[in-house]
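Here the structure comes first, spelled out in structure tokens, and everything after it is commentary.
The values are calculated or read from the model by the stated rules, or taken from the named source; none is laboratory data. This one's a predicted model, so the numbers in the text were calculated from it and none came from an experiment. Cβ: placed from backbone, ideal geometry, glycine included. Neighbour counts: every protein chain shown.
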Amino acid sequence: MTSTSVQDLRVAVTGAASGIGAATAQRLKALGWRVACLDRNLAGARATAGADGIAIELDVADEASVVRAFKEVGASFGGLDALVTAAGVIETTPFFETSVAQFRRLFDINVIGSFLSVREGAKQMQRGARVCMIASISSYTGGGYVARGAYATSKGAVLTMMKSCARELGPKGIAVNAVAPGFIDTPFVASAMNDPVRRKEVEAAVGKVGTAEQIAECCAWLISPAADFVHGETLIADGGILMR
């Protein structure tokens, strides 16, 4: 992948039915990538993929589902040049009210789901391929604004896992990086911000609200040949929240 062209390069995007995943899949399609849209919401994945795209049902918390989905991607594309792991869930339950079941669900989807996706996706890759994982600025702040500690812990684990994946896959010529978004106006966040008063308070606190399309640009760059010299790093895209 020494050329700057991405025409006909093959990428899989998890969580492609909505939010950052959908925006990333759509941006990559516009840039000329061949995109496989993976999501538990198959109808949503199909809507993102369009009539001529590939949509595959995927539950990232189910190992058998992940193995099957990436085998299907490999059969359709003959391999992968990139992967974006955008599937995830948020949790806003206060610390003392958070149950073990909620904590485990976050890790099943955000952490184990990302691990399985990278593990199976990498089996379809050769030297020069690239992976972009989605973390969060909560990985650095420990929560706040919308998310709480359990979510932040899961996303912190994603960052550590990204480093581990980079060490494991680097010798194979596969680069692994992450994007850590700030407060992004997506259905992912909106589900936790149904109270308009609370939403206004949060938006005032963060100073700047981002869009899924802005994060999609970050993902698109990190998996592109233009980022060939970047490996094991995290691109923070938070509108300056960590500087406040």
Checklist line | residue 157 vs. criteria small (Gly, Ala, Ser) and either touching a Gly at 6+ places or on another chain (Cβ under 7 Å) or under 16 Å from residue 178 (Cβ atoms) (or both) | finding: yes
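Listed residues 52, 59; which is at pLDDT below 95 and either of a type in the set (Asp, Glu) or on the phi > 0 side of the Ramachandran plot (or both)?
That would be 52, the only listed residue that is at pLDDT below 95 and either of a type in the set (Asp, Glu) or on the phi > 0 side of the Ramachandran plot (or both).
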Check: Consider residue 54 against the criteria (1) in contact with a Ser or Thr (Cβ under 6 Å, 6 or more places away or on another chain); (2) hydrophobic (A, V, I, L, M, F, W, C); (3) surrounded by fewer than 22 Cβ atoms within 10 Å (Cβ to Cβ); (4) within 22 Å of residue 165 (Cβ to Cβ): it satisfies all of them except one. Which criterion is unmet?
Finding: (4)
Notebook entry, point to check: Here are some conditions: (1) small (Gly, Ala, Ser); (2) surrounded by fewer than 19 Cβ atoms within 10 Å (Cβ to Cβ); (3) on the phi > 0 side of the Ramachandran plot. Residue 43 meets all but one. Which one does it not meet?
Noted result: (3)
Note to self: Take the residues in the range 58-105 that are closer than 25 Å to residue 7 by Cβ and of a type in the set (Val, Ile, Thr); name whichever of them is surrounded by the fewest Cβ atoms within 10 Å (Cβ to Cβ).
What the structure shows: 73
Item checked: Failed item, numbered, when residue 76 is tested on (1) in contact (Cβ under 8 Å) with a residue 24 or more places away in the chain; (2) in contact with an Asp or Glu (Cβ under 6 Å, 6 or more places away or on another chain); (3) not β-branched (Val, Ile, Thr) -> (2)
Margin query: If I ask for residues that are surrounded by fewer than 20 Cβ atoms within 10 Å (Cβ to Cβ) and closer than 11 Å to residue 39 by Cα, which ones from the range 5-21 would you list?
Written below: 18
Checklist line | Residues (among the aliphatic types (A, V, I, L, M), under 13 Å from the mean Cα position of the chain (by Cα) and outside any helix (DSSP H, G or I)) located in the range 219-235 | finding: 223, 235
Notebook entry, point to check: What is the residue count in the range 116-173 for residues that are over 27 Å from residue 97 (Cβ atoms) and of a type in the set (Ser, Thr, Tyr)?
Noted result: 2
Notebook entry, point to check: Taking interchain pairs and intrachain pairs at least six residues apart, which have beta carbon atoms under 7 angstrom, with the first residue in the range 88-115 and farther than 12 Å from residue 157 by Cβ and in contact (Cβ under 8 Å) with a residue 12 or more places away in the chain and the second among the hydroxyl-bearing types (Ser, Thr, Tyr) and not in a helix (DSSP H, G or I)?
Noted result: 102/93
